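Working notes, structure below.
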Amino acid sequence: MSEWETVIGLEVHVELSTATKLFSGSPNHFGGEPNTNIDPVTLGLPGALPVLNRSAVELAIRAGLALGCTVQPSVFARKNYFYPDMPKGFQISQYDRPINVDGSIELPGGTVIGIERAHLEEDTGKSTHVGSGGTRIHDADYSLVDFNRAGVPLLEIVSRPDLRSAEDAKAYVSELRAVLVTVGASDGKMEEGSLRVDCNVSVRRPGAPLGTRCEVKNVNSLRSLGRAIDYEARRQIDLIESGEAVSQETRHWNDDTGRTQTLRSKEEATDYRYFPEPDLVEVDPDPAWIEEIRSSLPSLPRERRHRLVDELGADPLSAAIVVERGLDRLVFDAVAAGGDAARALNHARNNVADGEADRLDAAGFASLTTMEADGALTATQAKTVLAELIAEGGDPAEIAARHGFQAMDTSELDALLDSLIEAHPDDWAKFCAGEQKVMGFFVGQVMKATRGQADGKVVTALLMGRRP
Amino acid sequence: MNGVTVATAYVGPMPERISREDVARIAQLARLTLGDDELDRFTSQLGDILDHARDLAALDLDGVAATAHPFPLRNVMRDDVATPSLDRDEVLAAAPEIESHMFAVPPVLGEPA
C-alpha cells in the first residue's frame, strides 16, 4: 500500500551478562529449577534492601557507548503496577534520568536509526499460564510464577520511531544484537529470552503527523517480529479505511494464528506513579571510568564493515555478510599475507561455513586466492581446493596438483575454439552477428571438451576477442 | 517509554485539590477496595499531604539544584559476586498456593483494568 507509511519504534529488553542480579547477589542464571535463584531482595521480603551491581552498570555503559549514547548521571525510580511477576508491587527502573541517552545505530544498508535512551531496570519473574485453553494468556485459569528471572539486570533500549518497514525492524534488531554480543553486554539469545522485543506500530499518510500507535508484545523471534508488524500495520490501515479509529492499546501477538489481539488498554505513564527509589542513590560514573570502558571496546560491526569497504573495496552487501559471519579477520589476514582481496571476500561470503574460519590458516587461504587470481585455478577448482583446505588443511598448490587441476594453456583453448567454430559454422555466424546467447553454447562446448577444467572467464574473453 | 517525553517526570501541575474520584482511581490501580467512609478519610488525608507539597512548591528555589535523595551519597555499588539463595521449600511453604515448585496466582487477565 504505497499511500500508507508504517512507522515503527522498538523497545528492546536485553539481559546483561552478569553473574548476579541487579540489586542482590542472587545468581543471574538461565534454565535453573524454578525458584532456586531467589533471595529476600528478589522476593521483596520486608526489610530487604537493594544494592546496585557494579558489573551491571559497567555493561550498561559499554552498551551505551557502543550505541553512541551519552552516559549521564542517573537515578532509579519505582514503577508501580499490580502484577504477580513482581512481588514488591513495583519494578525498579530508570525514568526521567536514564543512564544512556541520544545514541544511534547504523544498519548494514546505511540507514541510521536513532536511539532515544538505554536504561537499566530489573527483569520480572516468569509466569506460566495454566488453563483449559492451553497456555494462552487469554484463556488462563491461573498462573504459575517462577522468580528466578526477577531482578536480573536488563537494559531497555528504546529506538526513535525511525523504522519504516518490517525488514528495517528486523535489520535493526539483528544489528543491535550483534553490537551487544560484540561488546560482551549480553549473549543476545532470543530463544532464551535474553533479548526481547516490543514493537510500537502506527500508520500514516506520508508527511502527516504520527498516527495512534499500538504496542505489540510477545514477539519472540525475528520472523515473528516481521509478521507481527505487517499484520498490525494492515489491521490499522483496514480500520482507518473503513472509517474507524485506531485506539492506543497493548496487543498480544499470537504466532499460531498470525494475529494480534487486545491485551489491555495502554496505561498512561501517570498510572505507574513513578517516583524516585528511596533505597538507592544516584549513579554518577567517574568520567575516567567511562573513558576506560570506552577504550576497551572492541571494533564494532559497523566499523568492521566500513573497513572492508574502504580498505578492500568490498561491496556493502558482501561486507555485511562477511562481518555478520565473523570472517573479516580471516580476509584481512589473507590480504596481509599477499592474497587477492576480491577473491578472499568472495570465498568468505560464499564458500566458508560458520565456524570454519578457525580451521583455515590465512597463509594457505591467501595463496589459494593468488593462484586463482593468476589463472592457475578456475573459480570452480578454487572452491574444491578450498573445501579440502578447510577439511584437511595442507598446501593449496599440492591439493590442486593432486586433483589434476592445472591452468589450461590459452593456446590449447584457441585450438579447441578453432575446431568448434569449424564444426558449428551456423552458430558462429549468429554469434558474430551479435546473438549473445550463442556465447553460452560455445562456452558450454569448451567446458564439455575440457571436463570443466577451462576457466569460463578466459573462454569468454577469447570468444569476444575473435568476434569481428 | 517510547515517544513519551519524560523531562517533566515528577513535576506535573498541581491539581487544585485531590478529588474523591482521584483517590478511587489510585485505589483501583493498587487493586484496593475502599468503602465510602475510607474514600472520604483518604481523600482528606491525601489532600493534607498534597497541601504540604504545595507549600514546598511555593518556595523560591531558583538556583537550587534538583535533588533525588537527601543523603550526600552517590555510586553505592557492590561487586558482582553470588550469595547463597534461600531454601526453596521454606520459601514456598509461606505461599498460599503452590504447584510444581512455583507460586500459583489468580489469572492475570480478566481482573478490573
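Is it fair to say residue A:285 is over 21 Å from the mean Cα position of the chain (by Cα) and at pLDDT below 95? It is false that residue A:285 is over 21 Å from the mean Cα position of the chain (by Cα) and at pLDDT below 95. In the range A:14-42, the residues that are facing chain B (nearest Cβ under 7 Å) form Cβ pairs under 7 Å with partners that are among the basic types (Lys, Arg) and surrounded by fewer than 20 Cβ atoms within 10 Å (Cβ to Cβ), at six or more places apart or across chains, as follows: A:35/B:88; A:36/B:88.
Can you confirm whether residue A:166 is away from every other protein chain (no Cβ under 14 Å), surrounded by 22 or more Cβ atoms within 10 Å (Cβ to Cβ) and within 18 Å of the chain's Cα centre (by Cα)? Answer is yes for this residue.
In this structure, is residue A:312 modelled with pLDDT of 90 or more and of a type in the set (A, V, I, L, M)?
Details: modelled with pLDDT of 90 or more: yes; of a type in the set (A, V, I, L, M): yes.
For residue A:312, the condition - modelled with pLDDT of 90 or more and of a type in the set (A, V, I, L, M) - is met.
Consider the range B:54-111 and keep the residues that are within 21 Å of residue A:78 (Cβ to Cβ) and of a type in the set (D, E, K, R). The one that is surrounded by the fewest Cβ atoms within 10 Å (Cβ to Cβ) is B:74.
Of all the numbered requirements in (1) assigned to a strand (DSSP E or B); (2) among the aliphatic types (A, V, I, L, M); (3) closer than 26 Å to residue A:36 by Cβ, residue A:115 misses one, and that requirement is (3). Within the range A:241-256, being more than 24 Å from residue A:158 (Cβ to Cβ) and either crowded, with 17+ Cβ neighbours inside 10 Å or within 14 Å of chain B (Cβ to nearest Cβ) (or both) holds for one residue alone: A:254.
Exactly one residue among A:348, A:387, A:319, A:376 is over 20 Å from the mean Cα position of the chain (by Cα), assigned to a helix (DSSP H, G or I) and touching a residue at least 12 places away in the same chain (Cβ under 8 Å), and that residue is A:387. Report yes if residue A:227 is among the basic types (Lys, Arg), more than 27 Å from residue A:56 (Cβ to Cβ) and either within 14 Å of chain B (Cβ to nearest Cβ) or surrounded by 16 or more Cβ atoms within 10 Å (Cβ to Cβ) (or both), otherwise no. Yes: the conditions hold for residue A:227.
Each row is one residue, and each column tells you yes or no for (1) assigned to a loop (DSSP other than H, G, I, E, B); (2) out of contact with any Pro (no Cβ under 9 Å at 6 or more places or on another chain).
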{"residue": "B:31", "(1), (2)": "yes, no"}
{"residue": "B:40", "(1), (2)": "no, yes"}
{"residue": "B:49", "(1), (2)": "no, yes"}
{"residue": "B:55", "(1), (2)": "no, yes"}
{"residue": "B:61", "(1), (2)": "yes, yes"}
{"residue": "B:84", "(1), (2)": "yes, yes"}
{"residue": "B:90", "(1), (2)": "no, yes"}
{"residue": "B:95", "(1), (2)": "yes, yes"}
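Among residues of the range A:253-265 that are free of Cβ contacts under 8 Å to residues at least 12 places away in the same chain, those with a Cβ under 9 angstrom from a residue that is surrounded by 12 or more Cβ atoms within 10 Å (Cβ to Cβ), sequence gap 6+ or separate chain, pair up as A:256/A:136. Got at least one residue in the range A:258-270 being over 30 Å from residue A:90 (Cα atoms) and either within 20 Å of the chain's Cα centre (by Cα) or of a type in the set (Ser, Thr, Tyr) (or both)? Checked against the condition, which is being over 30 Å from residue A:90 (Cα atoms) and either within 20 Å of the chain's Cα centre (by Cα) or of a type in the set (Ser, Thr, Tyr) (or both), the range A:258-270 yields no hits at all. Quick check on the range A:299-315. Is at least one of its residues more than 14 Å from every other protein chain (Cβ to nearest Cβ), buried (at least 17 other Cβ atoms within 10 Å of the Cβ), in contact (Cβ under 8 Å) with a residue 40 or more places away in the chain and not in a helix (DSSP H, G or I)? Yes: one or more hits. Against the list (1) within 14 Å of chain B (Cβ to nearest Cβ); (2) under 30 Å from residue B:25 (Cα atoms); (3) not small (Gly, Ala, Ser), the condition residue A:285 fails is (2).
Every residue, every condition in (1) in contact with a Phe, Trp or Tyr (Cβ under 8 Å, 6 or more places away or on another chain); (2) part of a loop (DSSP other than H, G, I, E, B), yes or no:
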{"site": "A:197", "(1), (2)": "no, no"}
{"site": "A:200", "(1), (2)": "no, no"}
{"site": "A:203", "(1), (2)": "yes, no"}
{"site": "A:209", "(1), (2)": "no, yes"}
{"site": "A:212", "(1), (2)": "no, yes"}
{"site": "A:216", "(1), (2)": "yes, no"}
{"site": "A:223", "(1), (2)": "no, no"}
{"site": "A:229", "(1), (2)": "no, no"}
{"site": "A:233", "(1), (2)": "yes, no"}
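Within the range A:107-116, one or more residues are facing another protein chain (nearest Cβ under 8 Å), buried (at least 18 other Cβ atoms within 10 Å of the Cβ), modelled with pLDDT of 95 or more and farther than 14 Å from residue A:22 by Cβ.
Based on what the data block shows, is residue A:62 under 22 Å from residue A:112 (Cβ atoms) and either touching a residue at least 60 places away in the same chain (Cβ under 8 Å) or within 30 Å of the chain's Cα centre (by Cα) (or both)? Yes; evaluated as a whole, the condition is true for this residue. The set of residues in the range A:69-99 being crowded, with 18+ Cβ neighbours inside 10 Å and more than 10 Å from chain B (Cβ to nearest Cβ) consists of A:69, A:71, A:78, A:86, A:88, A:90, A:91, A:92, A:99.
Screening the range A:77-105 for residues that are hydrophobic (A, V, I, L, M, F, W, C) and not in a strand (DSSP E or B) and picking the one that is farthest from residue A:263 (Cα to Cα) gives A:99. Taking each residue of the range B:68-87 that is farther than 29 Å from residue A:148 by Cα and at the interface with chain A (Cβ under 7 Å from one of its Cβ atoms) and looking for partners that are among the basic types (Lys, Arg) and assigned to a loop (DSSP other than H, G, I, E, B) with beta-carbon atoms closer than 8 Å, six or more apart or interchain, yields B:68/A:97.
The values are calculated or read from the model by the stated rules, or taken from the named source; none is laboratory data. Keep in mind that this is a model prediction, so the values were computed, not measured. Ideal geometry is used to build each Cβ from the backbone, glycine not excepted, and the neighbour counts take in all protein chains shown.
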